[in-house]
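Scroll down for the structure; my scribbles are underneath it.
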Amino acid sequence: MEIKENKNNLRNNIIKKTKGELFKCFNCGTCSAGCPVSQISNFNPRKLLRKIILGINLDEDISACVSCYTCNARCPNGINIPKIIDVLKIKYNLEGVENRGSIFNKSFLSTVEKNGRLYEVGMLLKYKMKSGNLLQDVEFGLPLILKGRMGIFPHKSKNAKAAKEIFRKVREIDERG
Ligand code: SF4
Ligand code: SF4
């Protein structure tokens, strides 16, 4: 997927949200060498950073990043690449472009926001309905439910209100930019 429009806005947005961290990159490639997704696809965090710095159109599948933070842990400059990728993921979502990664994230977070903890069955149903994969992997899910490893009904955390408040505050901070 290519982001062509408002390249400068996007670049400025990333610079602002990450306090210009990406300019510390000296292009050593340690992040890509450790990235598990780079091992199995052409997704490459070093190249991604370079393209952002140079203002080149992005055509990477950002959703491939699994936010494992290996790149961040290994980067000699401690650059928070997953945070930069998060800004891009949010950008995709704001433009209404949804991919399986963003659908999964939203489904996960919406159950945490509602219940103060993860509700696996609810999350999976939301994800499956939105991604159109309703029956895929059903053979793995059903035994987990039948063996009681996943509850059919949600269990609200006693701190559900506090969790909701955290989500509200994060949205508020995000809107402020
Ligand atoms: S956080 Fe994303 S970019 Fe960084 S190592 Fe993990 S998958 Fe790769
Ligand atoms: S490891 Fe850090 S400095 Fe090296 S290319 Fe990746 S982001 Fe840049």
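Points to keep in mind about this one:
- Residues R176, R149, ranked from the fewest to the most other C-beta atoms within 10 Å, line up as R176, R149.
- Put simply, the C-alpha atoms of segment 100-176 give a gyration tensor, and the ellipsoid matching it has half-axes of 26, 17, 6 Å, longest first.
- Within the shell of other residues whose beta carbon sits under 14 angstrom from the beta carbon of R176, the net charge comes to +2, with Lys and Arg scored +1 and Asp and Glu -1.
- Stretched out straight at 0.36 nm per residue, the stretch from R117 to A162 would grow longer than its current Cα-Cα span by 15.1 nm.
- Farthest towards the positive end of the charge dipole of segment 7-94, among the residues P45, C35, I56, is the Cα of I56, using unit charges on the Cβ of Lys, Arg, Asp and Glu.
- Panel values: segment 7-94, Kirkwood radius from alpha carbon pairs, Stokes-Einstein at 10 °C and 1.306 mPa s, translational diffusion coefficient 124 µm²/s.
- Relative contact order %, segment 100-176, counting alpha carbon pairs below 8 Å whose residues are six or more apart: 38
- In this structure the amide hydrogen of L58, modeled in the peptide plane, comes within under 5 Å of the amide hydrogens of I3, none closer than 5 places in sequence on its chain.
- N159 sits among other residues whose Cβ lies under 14 Å from its own Cβ, and their net charge, with Lys and Arg +1 and Asp and Glu -1, is +4.
Laboratory data are not the source of any read-out in this text; all were calculated from the coordinates shown. None of these values were measured; they are calculated from a predicted model. Cβ coordinates were reconstructed from backbone atoms using ideal geometry, including for glycine residues, and neighbour counts include every protein chain displayed.
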